Amino acid sequence: MELNEIDEYHLNTEIKYQNLSEQTAEYIISEYRKLGPYHKCDDNPLASLLYNYFYLKKKGKHQVLEEVLNNYKINYKSSIHNAIYDLLDSKNEHRATLWPGVISEEDNGLLYRLETSLGTIRVYKASEIFKNTKSAYIFKRNLRNCCHVRSFDFLSENKDYKAVLSYDNNLFVGGHFHSYLEKDDITIDIASNALYKSREDKEKVLNGEVLAKLTYDEVMTEFMKVLEEIPNLDPDDDKLQVLALYYGKKKGIK
């Protein structure tokens with residue numbers, strides 16, 4: 001396998017599903033506009049669709065649009081995952097309950113309890129759990145969209161955990177590569193600042209296809225094998241992302 005194959009694979013996968021997601025959003029918008037009022041607010045159809053859903057849910061008038069979303073098989077696990085990103089992000093926490101599939105939320109500043117269409121989910125704010133540990137600084141860095149690099153940062157200091165490389169579903173079509181951490185029944189989805197203490201709670205949100213579960217030493221060994229196969233790969237590249245893409249391409253994920 002060549003480096004350009006990995007790069008093209010990642011780029012083509014992202015672009016393909018971004019385009020398909022936007023097409024799906026356009027179909028939903030077109031269908032819904034026959035049934036209810038719609039406000040165009042963004043040139044990106046998916047962002048515009050979500051804006052309208054949030055607006056209608058605030059008013060309790062989202063049921064018709066939700067029926068259309070269900071016709072297009074919206075993935076509620078993905079939606080609730082996005083809600084948890086917002087819930088544990090102080091900039092966006094106010095909109096967590098506006099995502100499809102989220103019914104209500106309550107918290108005590110550490111433990112959050114969400115009632116959802118998939119059942120009750122209990123999630124802890126990871127930055128609070130680790131605020132007095134050697135890894136506290138990691139949670140002060142940018143977390144969102146940094147699942148691979150932040151998971152590796154944490155793994156480097158907490159070698160009793162394993163990195164889980166997975167391929168998770170998008171909101172409507174296709175999927176994306178994701179990294180998180182596990183130790184026994186504890187799961188840390190570091191990009192969303194989330195910690196789950198039970199597999200039951202975690203699996204209502206994170207249940208994508210697992211590509212690998214690796215200790216720190218196994219990550220380094222596997223990355224060195226990929227370096228030998230792809231010598232022009234940068235040794236300082238994001239190791240978990242490279243491995244996820246490598247395994248995904250080998251497994252034929254498209």
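Taking the mean number of other Cβ atoms within 10 Å as a proxy for protection, how do you rank 60-72, 178-190 from highest to lowest?
So the peptides 60-72, 178-190, ranked by packing, come out 178-190, 60-72.
Pull out the extension gain between Phe54 and Glu229, defined as 0.36 nm times the separation in residues minus the alpha carbon to alpha carbon distance; nm, one decimal.
Between Phe54 and Glu229, full extension yields an extra 58.3 nm.
For the chain, how big is the tail of P(r) above 27 Å, as a whole percent of Cα pairs?
41
Mind jotting down the distance between the C-alpha centroids of segment 1-63 and segment 146-205, whole Å?
So the separation of the two Cα centres works out to 24 Å.
Using 17 Å as the cut-off for backbone N distance, which residues of segment 208-250 belong to the label zone defined by a point 7 Å from the Cα of Lys183 along Cα→Cβ?
Once the point is set 7 Å along Cα→Cβ of Lys183, 214-219 turn out to lie under 17 Å by backbone N, inside segment 208-250.
State the answer as a single residue: which of Tyr53, Phe223, Tyr85 lies farthest towards the positive end of the charge dipole of segment 3-251, with beta carbon charges of +1 for Lys and Arg and -1 for Asp and Glu, about the Cα centre.
It is Tyr53, whose Cα lies furthest towards the positive end.
Normalised by the number of residues in segment 3-251, what is the relative contact order in percent for Cα pairs under 8 Å and 6+ residues apart?
18
Just check segment 111-254 against the gyration tensor rule for me: Cα atoms, a ≥ b ≥ c as the square roots of the eigenvalues, rounded for a/c under 1.5, and otherwise prolate or oblate depending on whether a/b exceeds b/c.
oblate
About the Cα centre of the chain, what is the dipole size in debye to 20, counting +1 per Lys and Arg Cβ and -1 per Asp and Glu Cβ, all else neutral?
Around 960 debye, computed over the chain.
Using alpha carbon centroids, what distance separates segment 116-130 and segment 222-254, in Å?
31
Please sort 88-95, 37-44, 158-165 by packing, taking for each peptide the average over its residues of neighbouring beta carbons within 10 angstrom, highest first.
Going by the mean number of other Cβ atoms within 10 Å, highest first, we get 158-165, 88-95, 37-44.
Through the Karplus equation 6.51 cos²θ - 1.76 cosθ + 1.60, θ set to phi - 60°, convert the phi angles of segment 182-189 into ³J(HN,Hα) values in whole Hz; use x for Gly and Pro.
9, 8, 6, 8, 8, 10, 10, 9
Output ³J(HN,Hα) for segment 5-10: one whole-Hz value per residue in order, computed from phi by the Karplus curve 6.51 cos²θ - 1.76 cosθ + 1.60 with θ = phi - 60°, and x for Gly and Pro.
So the Karplus estimates, Gly and Pro as x, are 5, 5, 4, 5, 4, 4 Hz.
We did not get these values from a lab; they are worked out from the coordinates using the rules stated. Here the structure is a predicted model, which is why all the values come from computation and not from measurement. Cβ coordinates were reconstructed from backbone atoms using ideal geometry, including for glycine residues, and neighbour counts include every protein chain displayed.
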